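Each reported figure results from applying straightforward, stated rules to the coordinates on display, with no laboratory input. It should be emphasised that the depicted structure is a prediction, and the values quoted were computed from it without experimental measurement. We place every Cβ from the backbone using ideal geometry, glycine too, and count neighbours over all the protein chains shown.
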Amino acid sequence: MNYLQKYQQQLGLVPDGIIGNKTAQAFMDDLGITDKLFFSHMMGQIAHESGLYKNARENLNYSEAGLLNIFKKYFSGKAGDKSAAFYARQPEKIANLVYANRMGNGDEASGDGWKYRGIFGLQLTGKDNILAFIRYLGLTDDTDPDSLLDNPKNYFLSALFWFKKNGVDKLCTSTKENCIVTVTRRINGGTNGLADRIKQTKIMFKSVGIA
């Protein structure tokens, strides 16, 4: 099951993975959302970012070529202990290096990069962001991020938290494509995957009856 289906099941719905009016209303009620427009934008972005509600934690299983392409500032193409070849296909080591000393994480040896790698539908990343969500849930700082995935509601609640914390909810003002672009830029920092983001968000507009 993907996390959409798991959440449907948790709420006593048929876990068919389809967001019809009944599922949409049940999700909104449980998450405390009253604005269908905001809900549609949020769910559309989650659908894209999560591979249709499948991805739970960031996959850092990169090849040597992948590291030099995506994280080239952290790796050398030459032989040595900071070479891409040395780190390739070692996700935990990769995370601890590329996420060290930023976003509230400690140094490479702390293990924070791996512990606080991307999680949930919008891939909250870094100790600062993930601890803020943990505290939002009323849990203690020593809570294991992985344990939060046991409750499918958290998958969607984390997106609600991030949208509101960063003021993205205030950008969800219309069903027009330029609004989806604005929301995308705030989430992505650019327009990566824009066509699919527009597609998924428009599907949500129809699901809740506003398009």
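Express in nm, to one decimal, how much length is gained between S174 and N151 on full extension, taking 0.36 nm for each residue of separation and deducting their alpha carbon distance.
Length difference between fully extended and current span is 5.2 nm.
Please express the shape of segment 65-192 as an equivalent ellipsoid: the semi-axes are the square roots of 5 times the eigenvalues of the C-alpha gyration tensor, given largest first in whole angstrom.
Working: eigenvalues 174, 90, 25 Å².
Calculated on Cα positions only, the semi-axes equal 29, 21, 11 Å.
How far apart, in nm, are the 7 Å Cα→Cβ label points at L194 and Q10?
Reported label-point gap for L194 and Q10 is 3.4 nm.
Could you check how many percent of all C-alpha pairs in segment 64-115 are farther apart than 14 Å?
Taking all Cα-Cα pairs of segment 64-115, the fraction more than 14 Å apart is 46 percent.
Between K164 and I70, how high is the FRET efficiency from 1/(1 + (r/R0)^6) when r is the Cβ-Cβ distance and R₀ = 30 Å? Nearest 0.05.
The computed FRET efficiency comes out at 0.55.
With each run of n ≥ 4 DSSP H residues scored as -39500 (n - 2.57), what mean residue ellipticity at 222 nm is computed for the chain after dividing by its residue count and rounding to the nearest 500 deg cm²/dmol?
For the chain, the value works out to -14500 deg cm²/dmol.
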